[in-house]
Ligand code: SF4
Ligand code: SF4
């Protein structure tokens, strides 16, 4: 299992064309079989990677925040919405609310300090546990070099599907 982010970045650069070819290959695979394969690989991968040694998603992603989530977290932090919004949020170009810092305000020592009140986007990422993997190829490969879980799932998937890797 490769978890070093610099190492992953270097490999991602070397595998740029291979990954484009792999996405084309995946588009012709059976969606249900693929979901089962990804689910099994993801279980093994997630259990071998300690997110608290990484935290890269919380250090690098823009996090969307809904009204309900802002209400919930402001209550948890015992602050009123006005102060909460002024301290933690900004409006994106589409008018939706976003966390106003990257890395996230709530990350400390690679751990989420508001874990039980974290946002839907945080709970979902890296989304390898979700069905319809074929519909999420773009976002999966967008985060391939950001997330060691995605990187390792994709690399195992190349082997498990019999994809011919680029040996050049
Ligand atoms: S709320 Fe927690 S899980 Fe979400 S980005 Fe911030 S630190 Fe990470
Ligand atoms: S989900 Fe991925 S990017 Fe986020 S902490 Fe875990 S391994 Fe790192």
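Values quoted throughout were computed directly from the atomic coordinates according to the rules given, and no laboratory measurement underlies them. None of these values were measured; they are calculated from a predicted model. Don't worry about glycine lacking a Cβ; one is built from the backbone with ideal geometry, like all the others, and counts go over all protein chains shown.
P(r) for region 62-124, please, calculated from all Cα pair distances in 10 Å bins and given in %.
Percent of Cα pairs in each bin: 22, 61, 17, 0.
Roughly what would the spin-label model give for residue 123 and residue 50, points 7 Å off Cα along C-beta, in nm?
Modelled inter-label distance: 2.6 nm.
Could you state the angle between the C-alpha long axis of helix 16-27 and the longest principal axis of the C-alpha atoms of the chain, as a value from 0 to 90 degrees rounded to the nearest 10?
So the inclination is approximately 90 degrees.
Can you tell me the orientation of helix 67-76 relative to the chain, as the angle in degrees between its alpha-carbon axis and the longest Cα principal axis, to the nearest 10?
Once rounded, one gets 60 degrees.
Ranking 123, 134 by Cβ neighbours within 10 Å, fewest first, what do you get?
In increasing order of surrounding Cβ atoms, one gets 123, 134.
I'd like the distance separating the alpha-carbon centroids of region 93-138 and region 1-58, in whole Å.
Computed from Cα coordinates, the inter-centre distance equals 18 Å.
Mind jotting down the three principal axis lengths of the chain based on Cα atoms? Whole angstrom, largest first.
Extents along the principal axes: 56, 30, 30 Å.
For the Cα atoms of the chain, what angle does the longest principal axis make with the long axis of helix 31-48, in degrees from 0 to 90, nearest 10?
70 degrees
Hey, fewest Cβ within 10 Å first, where do 114, 65, 153 land in order?
Neighbour counts put them in this order, fewest first: 114, 65, 153.
Put a dot 7 Å past each Cα toward the Cβ at residue 10 and residue 27; how far apart are the dots in nm?
3.3 nm
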